[in-house]
1. Using a Gaussian network model on the chain with a 10 Å cutoff between Cα atoms, which of SER380, SER96, SER37 fluctuates the most?
2. Rounding to the nearest 10 and keeping the result within 0 to 90°, find how far the Cα-based axis of helix 279-295 lies from the longest principal axis of the chain.
3. Under 28 Å Cα to Cα from LYS21, which lysines show up? Leave out anything in the same chain fewer than 8 places away.
4. Compute the long axis of helix 59-78 from its Cα atoms, compare it with the longest principal axis of the Cα atoms of the chain, and write down the angle in degrees, 0 to 90, nearest 10.
5. Considering the Cα positions of segment 59-139, please state its Rg to one decimal place and its Dmax as a whole number of Å.
6. For labels at ALA191 and THR230 in the simple 7 Å Cα→Cβ model, what's the distance in nm?
7. Calculate the spin-label point distance for THR386 paired with LEU131, positioning each point 7 Å from the Cα along the beta-carbon direction, and give it in nanometres.
8. What's the whole-number percent of alpha carbon pairs in segment 328-388 lying beyond 15 angstrom?
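Just so you know, all these numbers are worked out from the coordinates, no wet-lab data involved. Quick caveat, the model's predicted, so the values are computed rather than measured. Counting neighbours? That spans all protein chains shown, and the Cβs are built from the backbone with ideal geometry, glycine included.
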Amino acid sequence: MFDIEKIRGDFPILDQKIYGKPLAYLDNAATTQKPQSVIDAISHYYQADNANVHRGVHALSERATAAYEGARKQIARFFNTRSEREVIFTRGTTESINLIASSWGHANIKAGDEILITHMEHHSNIVPWQLLCERVGATLKVVPMNEHGELIMESFDALLCERTRLVGAVHMSNALGTINPIASIIAKAHAAGAKVLIDGAQAAAHLAVDVQALDVDFYVTSAHKMYGPTGIGILIGKESILDGMPPYQGGGDMIRMVTFEKSEYNDLPYKFEAGTPHIAGAIGFGKAIEYIQGVGFEAIEAREKELLAYANAKAEAFDGLRRIGTAAHKACVLSFVLQGVHPHDLGTIVDREGVAIRAGHHCAMPVMQFFRVPATARASFSMYNTEDEVDALFAALKKAQEIFA
Ligand code: PMP
């Protein structure tokens with residue numbers, strides 16, 4: 001049974017008033033709130049265990065190391081990696097993609113090669129590849145989408161060719177909510193000899209991800225979209241690929257031996273973790289994963305589906321509202337424009353009613369260009385949201401409409 005009261009009680013931030021109205025936090029695609037267990041784990045670490053990891057011989061350092069590496073183990077199990085060596089801690093999705101572009105990209109992409117991404121990528125899965133293509137003389141190709149915000153798979157098949165070295169695709173679009181057919185994308189890309197990077201920034205909190213079953217080469221995500229802290233994320237990569245990649249940054253922890261003539265690099269995953277890591281962040285990430293596991297994806301998916309269906313029905317019935325992103329397979333995101341009200345004004349007005357949504361291009365400007373809108377308003381849901389909060393959103397939209405009428 002999905003106990004919504006219990007779940008909401010786990011997130012202390014939700015219980016507050018904004019301008020005298022109950023907070024309805026519907027900006028989960030930007031970042032999710034944190035359960036008390038995550039907050040406690042982080043504060044316990046700083047209160048009781050704080051020390052630098054790996055090199056220490058004292059008790060606190062051993063405890064900090066055990067907690068940090070324990071989190072890596074939890075994450076490895078959660079995503080079903082082959083080993084913990086396949087889990088690299090980064091600052092988040094953005095850094096993970098930059099790491100791949102910089103390290104794997106420079107070693108493997110040459111002039112004339114092609115990188116294939118999709119029209120619905122977040123800027124963080126566009127710009128690093130543009131930078132790489134400019135440097136090495138490779139070409140960036142884009143899989144188009146249809147009016148529903150679904151990838152046109154026939155075009156993907158046509159664009160995929162012997163020059164394609166990497167396919168980069170978002171698992172779940174932050175701007176549209178579309179869930180892409182990544183299993184099929186991965187299988188086809190592999191058949192064509194290309195590697196695949198999946199941007200799981202949005203998906204990982206909403207769907208179970210098994211990297212071995214998917215046979216994905218790189219899977220990246222951010223803890224803060226999964227009820228964990230900001231400033232920490234992961235790059236999951238196949239060991240066979242990561243092993244052959246040059247380091248991303250140089251510094252402490254990523255080396256085995258240093259002389260002025262030459263340095264020997266550390267084993268995975270440390271080869272890619274230069275410097276003191278975000279220890280508290282990793283510990284909080286581990287706790288967040290424990291929280292998700294405690295609720296379970298079956299319950300999460302069922303609940304979020306219900307909530308999205310409720311919001312969609314309200315949106316359909318709302319005069320002057322145009323939904324952006326109507327894919328058959330989507331989750332948790334209601335992106336829309338309201339006739340006569342700019343999304344930014346909308347965001348400000350609904351905030352006065354206690355409703356937190358996002359207005360803008362959502363770091364996906366090509367999506368806005370495709371739908372010929374400067375911006376959208378976006379409500380994005382999470383397991384702790386309620387039908388009452390959806391009602392509050394639509395009541396606030398009504399108010400905005402009246403103000404601008
Ligand atoms: N990709 C997608 C689909 C996202 O939604 C986001 C965050 N909005 C990112 C990448 C970037 O994540 P971060 O800012 O945590 O690095």
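1. SER37
2. 50
3. Qualifying lysines at Cα under 28 Å: LYS6, LYS34, LYS225, LYS305, LYS314, LYS398, LYS399.
4. Compared with the principal axis, the helix lies near 60 degrees.
5. In order Rg, Dmax, the Cα atoms of segment 59-139 give 16.7, 54 Å.
6. Inter-label distance under the simple model: 4.3 nm.
7. Distance between label points: 4.4 nm.
8. The answer is 54 percent, as a whole percent.
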